[in-house]
Amino acid sequence: MIDLRLVRTDYHAVQSALARRGIDLSELEQVAALDERHRHLTTERDAMRHEVKELSQQVGQLKRDGRDGEADEAAAESRKLGEQQKALAAEAEAVADEIHALLLHIPNLPAADAPDGVDETDNPVLRVENFDPDSYGEHQRIPHWEFAVEAGWLDMERAAKLSGSMFAMLRGPGASLARAMVQFGLDRNADRYEEIRPPTLVHSEVMVSTGQLPKFADDAYWLERDDLWAIPTAEVPLTSLASGEILDEADLPMRMMAHTSCYRREAGAAGRDTRGLLRVHEFDKVEILAYATPDQAPAIHAEILERAEAAVADLGLAYRIVDICTGDLGQAHHRSWDVEVYAPGADQWLEVSSVSWYSDYQARRANLRYRPTEGKGTRILHTLNGSALAVPRVWAALVETHRQPNGSVVIPEVLRPYLGRDVL
């Protein structure tokens, strides 16, 4: 969440930054008003607490002086003020809870260099690589949900029989290809990122830490009996890994990666293209994530983008880098770039990695702190992440791009050691 102290000390700067997102600022106005009310209540509470303490001391002194009648009057006044002080404390706590609830809904402040815009149509394309629309043959213009199903690599019908619509099942060489992609995604980042296999069911507060809750509750799977949530991305558990701990600046940046299954209801996907693997409820993904100091964060952001971009380049895919404008930034995002691959059969650019810098927004929710090498106290970390390899859409783009006139698919060279073959 955003820093309440910043709202208090530089309200107009916060207001101006959030206005760039094009959002309703009424909740921010409520926070500012409630914060003023909270400070007034706590001042009253503290003053009354001091008065009660002084009266208590007077009661003792009056009793020692034998002035019992005056002592009883002072004790009665102390009790009366004590009840008022408790009421003020309760009201202050209620106002603080209301502020916290509002802050959970207010998005992060966009970076100063994030491009202004209203929605995804305003996202600038920074560059396009390996793309020539005239280079694709007719055999590559067939969508994967047709030829991969016919080949027996993708079985949407039986997946729907088992789990319902928007679930997919890969079979035979199709499943082997997906497994190879996951291992490739892990291996190519193992030089700097520690592999972790976190739980895929997490507590509510873990989902709150990354901004998934409360805003995106309808898009998540909830196990009501245990109050556990199926993760929509490994970002969720990795972000909270050091929650409540204090890290040393010398140990930063702290880099992690994880391969997990991910689960999303895609409640807002009505009317969107849900054919084949373009939009599914369950999918495998390799995520890379880092904790960093504010000074380290820009370089880490660029590093994660470089790794996500290099992965799709190594797979021989056409791709582009999109700069996410202020109106299209996710709630927790401070600055984001998307990596999109081109799928010639679907004739679409598919987002396969959102490379995001969250500043201290998630870390404040998750209580992620570090102790600086110089200076006193602790400071709040910055979090950053991106998909190193998201299987479904990359799989789709890969088999469409590398499909041959005879229906086979040439395996990218970097995946051949994992599959032991050159062709599907």
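The values are calculated or read from the model by the stated rules, or taken from the named source; none is laboratory data. Bear in mind the structure is a predicted one, so any value in this text is a computation, not a measurement. A quick note on method: Cβ atoms are made from the backbone with ideal geometry, for glycine too, and the neighbour counts reach across all protein chains shown. Remember, those area values only see protein heavy atoms, side chains included, never the ligands or the DNA or RNA. Shrake-Rupley method; radii C 1.70, N 1.55, O 1.52, S 1.80 Å.
Which pairs have Cβ atoms under 6 Å, sit 6 or more apart or on different chains, and link a residue in the range 413-424 that is under 14 Å from Thr401 (Cβ atoms) to one that is aliphatic (A, V, I, L, M) and in a helix (DSSP H, G or I)?
Leu415/Ala180
Quick one: in the range 274-312, which of the residues that are open to solvent by 60 Å² or more (accessible area, probe 1.4 Å) and farther than 20 Å from Leu384 by Cα is modelled with the lowest pLDDT?
For the range 274-312, the residue satisfying everything is Arg275.
Condition check: on the phi > 0 side of the Ramachandran plot, of a type outside the set (A, V, I, L, M, F, W, C) and open to solvent by 10 Å² or more (accessible area, probe 1.4 Å). Does Gly327 satisfy that?
Judged against the criteria, Gly327 is not a match.
In the range 343-350, is there at least one residue being open to solvent by 40 Å² or more (accessible area, probe 1.4 Å), in contact with a helix residue (DSSP H, G or I) (Cβ under 6 Å, 6 or more places away or on another chain) and either at pLDDT 95 or above or more than 29 Å from Leu277 (Cβ to Cβ) (or both)?
no
How many of the residues in the range 211-247 are at pLDDT below 95, open to solvent by 30 Å² or more (accessible area, probe 1.4 Å) and within 18 Å of Ser359 (Cα to Cα)?
1
I'd like the full set of residues that are farther than 14 Å from Leu398 by Cβ and among the small types (Gly, Ala, Ser), limited to the range 130-150.
Answer for the range 130-150, where residues must be farther than 14 Å from Leu398 by Cβ and among the small types (Gly, Ala, Ser): Ser135, Gly137.
Quick check on the range 35-49. Is at least one of its residues touching a residue at least 60 places away in the same chain (Cβ under 8 Å) and among the hydrophobic types (A, V, I, L, M, F, W, C)?
Taking every residue of the range 35-49 in turn, none turns out to be touching a residue at least 60 places away in the same chain (Cβ under 8 Å) and among the hydrophobic types (A, V, I, L, M, F, W, C).
I'd like to verify a number: residues in the range 228-261 that are assigned to a strand (DSSP E or B), out of contact with any helix residue (DSSP H, G or I) (no Cβ under 9 Å at 6 or more places or on another chain) and more than 30 Å from Gly375 (Cα to Cα), how many?
Residues in the range 228-261 being assigned to a strand (DSSP E or B), out of contact with any helix residue (DSSP H, G or I) (no Cβ under 9 Å at 6 or more places or on another chain) and more than 30 Å from Gly375 (Cα to Cα): 2 in total.
So in the range 359-409, with the set limited to residues that are under 23 Å from the mean Cα position of the chain (by Cα), charged (D, E, K, R) and part of a strand (DSSP E or B), which one is farthest from Asp273 (Cα to Cα)?
Within the range 359-409, the match that is farthest from Asp273 (Cα to Cα) is Arg379.
How many residues are over 15 Å from Val286 (Cα atoms), in contact with a Phe, Trp or Tyr (Cβ under 7 Å, 6 or more places away or on another chain) and open to solvent by less than 70 Å² (accessible area, probe 1.4 Å) when one looks only at the range 162-210?
So the answer is 7.
Against the definition (in a helix (DSSP H, G or I) and hydrophobic (A, V, I, L, M, F, W, C)), how does Leu329 come out, yes or no?
No.
Quick check, is Gly271 modelled with pLDDT of 95 or more and either part of a loop (DSSP other than H, G, I, E, B) or open to solvent by less than 10 Å² (accessible area, probe 1.4 Å) (or both)?
So Gly271 fails the test.
Conditions (1) more than 30 Å from Gln296 (Cα to Cα); (2) hydroxyl-bearing (Ser, Thr, Tyr), marked per residue:
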{"residue": "Phe216", "(1), (2)": "no, no"}
{"residue": "Asp219", "(1), (2)": "yes, no"}
{"residue": "Arg225", "(1), (2)": "yes, no"}
{"residue": "Leu228", "(1), (2)": "yes, no"}
{"residue": "Thr233", "(1), (2)": "no, yes"}
{"residue": "Thr239", "(1), (2)": "no, yes"}
{"residue": "Glu249", "(1), (2)": "no, no"}
{"residue": "Tyr263", "(1), (2)": "yes, yes"}
{"residue": "Leu278", "(1), (2)": "yes, no"}
